[in-house]
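Q: Okay, handing you the structure first.
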Amino acid sequence: MLFDPRPKTRREDLFGRDKELDLLHNNVDSPIIVVTGIRRIGKTSVLNVFLNEVSIPSVVLDLRELKTNFGFRDLYNVIAKGFSSRLDKFIDLLKSISAVKIVGAEVEFRWRGRNAINLSTLFDYMNRRRIIIAFDEAQRLRGPRSQEILNAIAHAYDYDKNITFIFTGSEAGLLYSFLGLENPQSPLYGRYMYMLTLERFPRDLSIEFLKKGFREAGVNISIDVVESAVDAFDGIPGWLTFFGNEYVRGLRDLDKTKRMAIEVALEELRNIARERGKRYALALKGMAEGADSWGKLKRYIEEKEGGVVSTSILYNIVKNLEDLSIIKDYRFLDPVYREAAKMLA
């Protein structure tokens, strides 16, 4: 079902991404594939469908659980959970590793002490067969352990030819920073990676998506409402699906659906402000209200605070918001987040 809010797993349920799926199939033998796109653009769905279609065994590591200053215990718990979910595909391989314990349907890694395993060695074991290892929301790997992770991936790049790594991320700048694409000191600097960016749907495809979804659900809807929803959600599949699902369930008030979406985005922006400081909220609010240049934003913040904002501080705020894929060139990448930012205190 097109309006199912859960990530898709079959091509027939994934609208408008045939080209992207075909590109992934064509590049499946690349050592590293990087898939980026703004929030709710459909990265996880594209990844799931691709992995279900390809004949190569795969494991997906969901990194959203990792805290900012994660340790190896946290990392290996995520890896163990990923392999536990695919135990039927890898049980023989995992049983051959002395540092792996299988209890029922759960995998455990001995990551410290005698006979512990490190990432490079784990990848060497995985290299005994063709495998895809996918890191979903891979920017979460940034942190105190990132160097060891990058070294292990670089080792596998050079020596483990049966492994393809896929990195997905909704915060493209942070993901690129983790991979060290522009950092000569990074172990992965200068190495070939296939890059795929998922774009929003153009207007005509957004309209067709909604029309097809409503036909599938057996719900009649006027073209005026469809076009208004497309105007509100700007071709972002996750928001279009949110609207379609709510409408099919009986919520026929587009304004109320928009308010619900804005509340979701607002909570995410509040979390950013809580983690990074009140000036982030002020900068977001300023850009949402039209401060669309360096000078305008600097004046906006200084007028609100009644003081001077240093160039370096403002530069870091803007750069970090761009790295988070919230803004680009002082403009919001998602209109829902722009409206949410206006509500920041």
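Q: So how tilted is helix 43-53 from the main axis of the chain? Cα-based, degrees 0 to 90, rounded to 10.
A: 40
Q: Roughly how tilted is helix 254-276, in degrees to the nearest 10 and between 0 and 90, from the longest Cα axis of the chain?
A: Here the helix axis deviates by roughly 60 degrees.
Q: Here's something else I'd like to know. Sort region 36-168 into rounded, prolate or oblate with this rule: let a ≥ b ≥ c be the square roots of the eigenvalues of the Cα gyration tensor; rounded if a/c is under 1.5, and if a/c is not under 1.5, prolate when a/b is larger than b/c, oblate otherwise. Please list the in-between numbers first.
A: Working: a/c = 1.44, a/b = 1.18, b/c = 1.23.
Because its axes are fairly even, with a/c under 1.5, region 36-168 counts as rounded.
Q: To make sure I understand the rule: partners must be aspartates and glutamates, Cα under 13 Å from the Cα of Lys19, and not fewer than 8 residues away in the same chain. Which ones qualify?
A: Counting by Cα, and skipping residues close in sequence, Lys19 has these aspartates and glutamates nearby: Glu199.
Q: Determine the percent antiparallel among the DSSP beta bridges restricted to the chain, to the nearest 5.
A: On the way: 6 of 25 bridges.
Of those bridges, close to 25 percent are antiparallel.
Q: Excluding residues fewer than 8 places away in the same chain, name every one of the lysines whose C-alpha is closer than 28 Å to that of Lys304.
A: Within the straight-line cut-off, Lys304 pairs with Lys278, Lys285, Lys296, Lys319, Lys328, Lys342.
Q: Cross-link list Lys8/Lys101; Lys67/Lys256; Lys43/Lys258: which exceed 24 angstrom alpha carbon to alpha carbon? Write out the running numbers ahead of the final one.
A: Values: Lys8/Lys101 32 Å; Lys67/Lys256 33 Å; Lys43/Lys258 22 Å.
Violating the 24 Å Cα-Cα cut-off are Lys8/Lys101; Lys67/Lys256.
Q: Please tell me the relative contact order of region 139-228 in percent, rounded to the nearest whole number, where contacts are Cα pairs under 8 Å and at least six residues apart.
A: Values: 42 pairs, mean separation 19.9, N = 90.
Relative contact order here is 22 percent.
Q: Between helix 223-233 and the chain, what is the angle of the helix's C-alpha long axis to the longest principal axis, kept within 0 to 90° and rounded to the nearest 10?
A: The two axes meet at around 70 degrees.
Q: Using the Kirkwood formula over every pair of different C-alpha atoms, what hydrodynamic radius in Å results for region 276-345? Before the final figure, lay out the partial values.
A: Numbers: mean 1/r = 0.0848 Å⁻¹.
Hydrodynamic radius (Kirkwood, Cα only) of region 276-345 equals 11.8 Å.
Q: Further, regarding this structure: Quick one: order Arg17, Arg110, Arg252 by neighbouring beta-carbon count within 10 Å, fewest to most. Could the numbers behind the result be given before it?
A: Details: Arg17 21, Arg110 15, Arg252 12.
By the 10 Å Cβ count, ascending, the order reads Arg252, Arg110, Arg17.
Q: Compute and list, largest first, the equivalent-ellipsoid semi-axes of the chain from the alpha carbon gyration tensor, each √(5λ) rounded to a whole angstrom. Don't skip to the end; give the middle numbers.
A: Working: eigenvalues 269, 158, 60 Å².
Largest first, the chain gives 37, 28, 17 Å.
Q: Something else: Determine the distance separating the Cα centre of region 258-327 from the Cα centre of region 7-76; give it in Å without decimals.
A: 30
Quick note: the coordinates plus some simple rules give every number you see, no bench work behind them. Treat the numbers as computed from the prediction; the structure is a model and nothing was measured. All Cβ positions, glycine included, derive from the backbone under ideal geometry; neighbour counts span all protein chains shown.
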